[in-house]
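The values are calculated or read from the model by the stated rules, or taken from the named source; none is laboratory data. For clarity, every value in this text was computed on a predicted model and none was experimentally measured. Glycine gets a Cβ as well: all are built from the backbone with ideal geometry, and neighbour counts include every protein chain shown.
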Amino acid sequence: MPELPDVELFRQILEKHGLGKKIVGVDVSDARILGKLTSRDFTHRLVGKKLVEARRHGKHLLAKIESDGWLTLHFGMTGGLEAFAGQEAAPPYSRVSLDFVSGGHLAYTNRRMIGRVGLTPDADAFIAEEKLGPDALGGEFTLARLQKAAAVSRRDVKSFLMAQEIVAGIGNIYADEILFQTRLHPNTLTSAMTPQQLEALYRAIGTVLKAAIKAGAGAEQFGERAPKGFLLPERKKGGHCPRCRTTLALLKSGGRTGYFCPRCQTETRT
DNA sequence: CGTTATGTTCGATG
DNA sequence: GCATCGAACATAAC
């Protein structure tokens, strides 16, 4: 479930359960998640250290290791981060877990193994290497920046929103929600959008993501808690527009399925 | 059994 | 160069 709001909640979990406590053990139950890094090297770099800072950029979570670089976490489509107590068993699909001196643990879970856990010397350099644009909720993502990017891009607005090098943190689900709130058709070309539309888009990015974090995100369970007027709970086959009750339309692109209201979100292409 | 899935990357193609 | 499409990755859940 990890798009920006989900990863932000993981960041809060990490902050609450993983900072300032000495790591006394590391359990790598599936080393594939580490890529080329060996579990031995990974473990040796963490044991005996503390995590001292939790930072998020887009869909990436970074934890500063006491005087030794950063731990990096990316969640793919099915990843997560969970804290669990001493005697409890690790959660399902746990791939890496950290054991703290307090007896608590933190587990990185990932059913489909699409995702990465790694180490990097420097957080800013890592963000640059990953070619990540400004975080969607960060101060560097200004309206002016969005306007400039939209003017030169030849993409449609949905793939624009999901392009991490343009703005980091938005995926398929929240792109649909943001476009719904802005009443924009997913295929609208950003270069053809009016200043008013771009401003509305910019505002919706902030309000949607913040509302999702506040509501506790977590796409599946999110249904009940979704803010009023959100598309999300209806975002399924046969779902209805929260505004006009029209049956939602589906649109496939790049192997992804998008949902939108064919009546409220009108085509503005060409 | 077939389809689909919250992400990203790579190669082919337009 | 740029954009889009499908496939691939790995593993369920429906």
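Residues checked against (1) acidic (Asp, Glu); (2) surrounded by fewer than 22 Cβ atoms within 10 Å (Cβ to Cβ):
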{"site": "A:Arg154", "(1), (2)": "no, yes"}
{"site": "A:Ile166", "(1), (2)": "no, no"}
{"site": "A:Asp176", "(1), (2)": "yes, no"}
{"site": "A:Thr190", "(1), (2)": "no, no"}
{"site": "A:Gln197", "(1), (2)": "no, yes"}
{"site": "A:Ile205", "(1), (2)": "no, no"}
{"site": "A:Ala211", "(1), (2)": "no, yes"}
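Looking at A:Leu4, A:Leu9, just one residue is closer than 22 Å to A:Glu130 by Cα, within 16 Å of DNA strand B (Cβ to nearest atom), surrounded by fewer than 21 Cβ atoms within 10 Å (Cβ to Cβ) and in contact (Cβ under 8 Å) with a residue 40 or more places away in the chain, and that residue is A:Leu9. Residues in the stretch A:64-89 that are away from DNA strand B (no atom under 16 Å from the Cβ) and either touching a residue at least 60 places away in the same chain (Cβ under 8 Å) or over 21 Å from A:Gln12 (Cβ atoms) (or both): 7 in all. Annotation note: Cβ proximity below 9 Å between a residue of the stretch A:225-236 that is assigned by TED's automatic domain parsing to the domain that holds A:Ile173 and assigned to a helix (DSSP H, G or I) and a residue that is charged (D, E, K, R) and modelled with pLDDT under 90 (sequence gap 6+ or interchain) occurs for A:Pro233/A:Glu224.
On the basis of being in contact (Cβ under 8 Å) with a residue 24 or more places away in the chain, hydrophobic (A, V, I, L, M, F, W, C) and in contact with a Gly (Cβ under 9 Å, 6 or more places away or on another chain), does A:Ala192 make the cut? Criteria not met by A:Ala192.
Just one of the listed residues (A:Ile23, A:Ile13) is of a type in the set (Val, Ile, Thr) and either within 16 Å of DNA strand C (Cβ to nearest atom) or assigned to a strand (DSSP E or B) (or both), namely A:Ile23. The residues listed here are A:Gln181, A:Gln265, A:Gln196; of these, the one that is of a type outside the set (Phe, Trp, Tyr), farther than 24 Å from A:Lys131 by Cα and touching a strand residue (DSSP E or B) at 6+ places or on another chain (Cβ under 7 Å) is A:Gln265. Checking each residue in the stretch A:90-129 for being away from DNA strand C (no atom under 16 Å from the Cβ), assigned to a loop (DSSP other than H, G, I, E, B) and either farther than 20 Å from A:Gln12 by Cα or touching a strand residue (DSSP E or B) at 6+ places or on another chain (Cβ under 9 Å) (or both) picks out A:Val101, A:Ser102, A:Gly104, A:Pro121, A:Asp122.
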